Structures are given as structure tokens and as C-alpha cells.
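Below is one structure, written out as C-alpha cells, with a few remarks after it.
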Amino acid sequence: MEQQRTEATESLLVRQGNDNLVYNEENSGVGVGDGGSVAVSDVTTILGLSIFVAACIAFGSGCALGYSSPTQSSIMEDLGLSVAEFSFFGSILSIGSLLGAAISGKITDLLGRKMTMWILNLLYIGGWLAIAFTKTPWLLDLGRLSLGFTIGNFTYLMPIYISEITTKNVRGRFSAIPVLTLGWGISFMYVIGSFVSWRTLALIATIPGLLQLLPLFFIPESAMAEAKVDRDEEIEEVLLCLRGNKADIFNEAAEIKDFVESLKSFSKEGMLEIFQKKYVRQLLTVAGMIILMNLGGVNAFAFYSGVIFVSAGLSSMVGLITLAATQTIVGIAGILLIDKLGRRPLLLVSTAVLCFSSFLTGLSFFLKEFNLWDQGSPVLALIGLLMYTGSTIVGAGIPSLLLSELFPINVKGSAGSICNFMGSFTGWVVAYYFNFLREWSSTGTFFIFSAFCCANFILSATMVPETKGRTLEEIQASVSHSSV
């Protein structure tokens, strides 16, 4: 069996002969399989439409994450909720996310990428309508639970779908777009929520879901997913749709078919398959990055930015608007650079800056607590928060991108469910206990975040491979080959 796996992997690493399927950087066909001698378009109308759907999904997830902060007092007053009841409403989003994360990989594999998007989008719209028109607390909680479930699934689905439909030249930058629009969604809720009622805000939040309804009829399933269920004719149709009607997709389609068939010949599907020795390094690396990024305070900074600003002596509204501007500028820069500089350099820079900015924020609270620099400590807090937010936009999506790149399709669902669940759980832990930690010591809390970010930097420096400019088949075949 080991010899069979080795031979299959080596055949994917180097193909010679008339088919011209040798992996190299000079191939002009640069898709998921990236073979061929005829130039293939990196961006087509259908591909752009697919990315637009992904951006809407991420923006909607941001809306759900940012909704509770500006609406707390008005919801409690209108529905007569106690602090405990509203706290349950806020935290049930994380419970839904945990449930969605636990089954995200299997649902996506079972139903396909596109059908999963349809179902989750309907749950998303339904969740907001339940919140907007509720008269009772239980329907409010049910709507929030539905939104959390969609977020848990989308966190896995979006990077997987984008990586499978894009070419290697643009895979990184397109995968970075959802992270940017997620931040926009959170900021949008913070700002708009200050001017409209909580019911109106919930109705406004349905817009990202409504915008997806028409495009979902036209975007394709991924070719890799079609190959997994032996729909050979659909593979070529999908590739023509994504690469252009005149594109030569024969070699790319052949590589995808051969790669999936080789996986079927020596691998089985199932949750336990991911725990084989050949996948351990990738699993520990990706799961470790996601866990450490969450323990480094990503959710705390995202959910409680306004509270942090006020605690540091700054205007909440001015701070949040500044954060939104920073997210936009740095996010666009990250999108432009990720396929030029590579995943690894950006990840190392991002985690290093996260470590420093958390330390800087903690230092500002230390100075404020002991009245050592009353005028300068708010400035340090603002600089720290802006640096943290910018670095998060650049680096937060890279672990999910690597998840989609490092694991072959037969175990991608299992890997996604495990990593996504662990990320959702640690994110919930930090978000839930952040206020308690802040009451204990704001200084100590941010220093702890800095320590976890430092650990993430070390993990990234020692374990993360570079995947820039390589096809999914080439990446996964080389990883499997190195594990033999």
C-alpha cells in the first residue's frame, strides 16, 4: 500500500509525455490543475460573480458578529430582557457556530459547495427575519442560533470553494477578500446601529443574503467537487465556465480527474483517515495556527473594540470609524501582496505585529493604571488597536487558505470540521471570558494575548510551508510525498 501511494504521488509530481502535464512555473494554464499550453484567463465574469457571493457571505457574517454590541440596551428595553437573558442571546451565536463548525466539512462534502451555500443563505435570511419580527425571547434566540450555524459552516466553506475555483495566480488574493468584507460587516453594524432601531438593523442585515439569491443560480460547483462524485462531463463544463468558453481546459480537467482517482485508489474517506501519519503535520500546523490566533484575542478585539476604546479614554465612535478605515486600507494592500510575496512572509509579519500591538495595548493600560503617562497612554492604545486590526485583516485568513490548500479532497472535510470546531471553541472561550479577564487586569489580559501571538509566530516560522504559485494538486502531492 505504501509503495502504491508513493508511485501515485510521484506520478502527480512529475508527468512527462505528449500531454505536457509537467508541473512548472512556466505553464500558461494556471487553474486548479493548471496544465495546458493555451493561456487561461485568471478572472472571468462567472468567477467574479462567485467571488462576489463569497464577499456577501463574509459581509453578512460580519453583520451577525457585530449586531449585539450597538443593540443591547434597546433590545433589553423593548423585550424586557434581563442581563442574563441578553447575555444568552449574545453567546448563542457562538453555540450555533460550534454546531455548524462541527459538521461543516461533512455537510459540504455531502451536499456539494453550491447546494450548501443555498441552504445556509436561506437559514441566514430566516435568522434575521426571526430577530426582526420577534415578540418573544425564544424566537430572538432561535434567529441568533441560526445565524451562528451559518457562520460556523461558512468559515470552512468559503476558503475551500474559492481555492478550488480560482487559478494559482489569484488564489491568495481572492481568498483574502472575505476576511476584508467580514471586517466591513462588523464595522457596518457598529456605525449604522447607532442611528436605527434594532429591528430595522436586523432587516438591513438581510441585504447581503438577498444579494446572493440571483447569483447563486449562475455560479458553478467546483470542478474538484464534481470529480469526487465522478461527474466527468460536468468537470469540463465547470472549467469552461470559470476559465472562459475558448480556454483550453483539457489538461486541467485531466489532472483533476487523475488526482482524485489516485486518492480513491489508496485512501478511504472518514473522520479517522485524517489522523494518519501523512496528515499529522498539516493538521497540527493549521489547527495550531487557528487556535493560537483565537487565543491571541482576535474575537476580543473584534467584539469589544468600542469597550476597549472607552476604557483607554478614547471616543468609541471615532475609534471604530478609524478601525474601519484601517481595515480597508490594510486589507486591500494584503489582497494585492499575498500572491506576490507569498503566504508565509505575510503570516510571519502579521503574527509578529499582532504580538507587538497586543503588548503595546497592554502597556497603554499599564501606564494608565499607574498614572505614568496620562496623555500618551490613549495614543498608545489607539496605535495598538489599529496595528492589531490591520495585522488581523492581513493574516487571519491565511490559516483557512492553507487548510484549503494542504489537504486533499478525501480528507478536507474532516480536517475542516476539526480545525473549524477547535477555532470556534477557542474563539468563544476568549469572547466569553474577556470581560472577566479585563476586570481582573486589562494589562495582564493583553500581555497574555501577546504571548499567544508570539507562540503563533514561532509555529508559523517553523511549520508553515510556502504554497504561492503552486496548484492544489502540486501542493498536496508534494506534501504527501514528503510524508512517505
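The values are calculated or read from the model by the stated rules, or taken from the named source; none is laboratory data. Since the model is a prediction, treat every value here as computed from it, not as a measurement. We place every Cβ from the backbone using ideal geometry, glycine too, and count neighbours over all the protein chains shown. Areas reflect the complete protein model, heavy atoms only, side chains present, ligands, DNA and RNA absent. Shrake-Rupley method; radii C 1.70, N 1.55, O 1.52, S 1.80 Å.
In region 57-68 there is at least one residue matching the filter, namely being aromatic (Phe, Trp, Tyr) and touching a Pro at 6+ places or on another chain (Cβ under 6 Å). The residues listed here are ALA176, ALA202, ALA223; of these, the one that is of a type in the set (A, V, I, L, M, F, W, C) and under 12 Å from the mean Cα position of the chain (by Cα) is ALA176. If you filter region 249-263 down to residues that are closer than 21 Å to SER50 by Cα and out of contact with any Lys or Arg (no Cβ under 6 Å at 6 or more places or on another chain), you find that the one that is surrounded by the most Cβ atoms within 10 Å (Cβ to Cβ) is ILE256. The set of residues in region 179-199 being part of a helix (DSSP H, G or I), more than 20 Å from the chain's Cα centre (by Cα) and modelled with pLDDT under 90 consists of TYR190, VAL191, ILE192. Can you say whether TRP128 is among the aromatic types (Phe, Trp, Tyr), open to solvent by 30 Å² or more (accessible area, probe 1.4 Å) and at pLDDT 90 or above, as far as the supplied structure shows? Answer is no for this residue. Of the helices (runs of 4 or more DSSP H) that lie entirely inside region 273-390, those containing 1 or more residues that are open to solvent by less than 40 Å² (accessible area, probe 1.4 Å) and over 29 Å from ARG438 (Cα atoms) span 277-295, 316-341, 343-369. Candidates are the residues of region 72-88 that are in a helix (DSSP H, G or I) and modelled with pLDDT of 85 or more; the one that is surrounded by the fewest Cβ atoms within 10 Å (Cβ to Cβ) is GLU77.
The single condition from (1) more than 16 Å from GLY397 (Cα to Cα); (2) charged (D, E, K, R); (3) at pLDDT below 80 that GLU439 fails is (3). Scanning region 174-222 for residues that are touching a Lys or Arg at 6+ places or on another chain (Cβ under 9 Å) and either open to solvent by 10 Å² or more (accessible area, probe 1.4 Å) or of a type outside the set (Val, Ile, Thr) (or both), we see that the one that is nearest to GLY60 (Cα to Cα) is LEU216.
Taking the condition part of a helix (DSSP H, G or I), open to solvent by 20 Å² or more (accessible area, probe 1.4 Å), without any contact (Cβ under 8 Å) to a residue 40 or more places away in the chain and not acidic (Asp, Glu), does LEU142 pass?
Yes.
Residues that are among the β-branched types (Val, Ile, Thr) and not in a loop (DSSP other than H, G, I, E, B) within region 120-138 comprise ILE125, ILE131, listed in sequence order.
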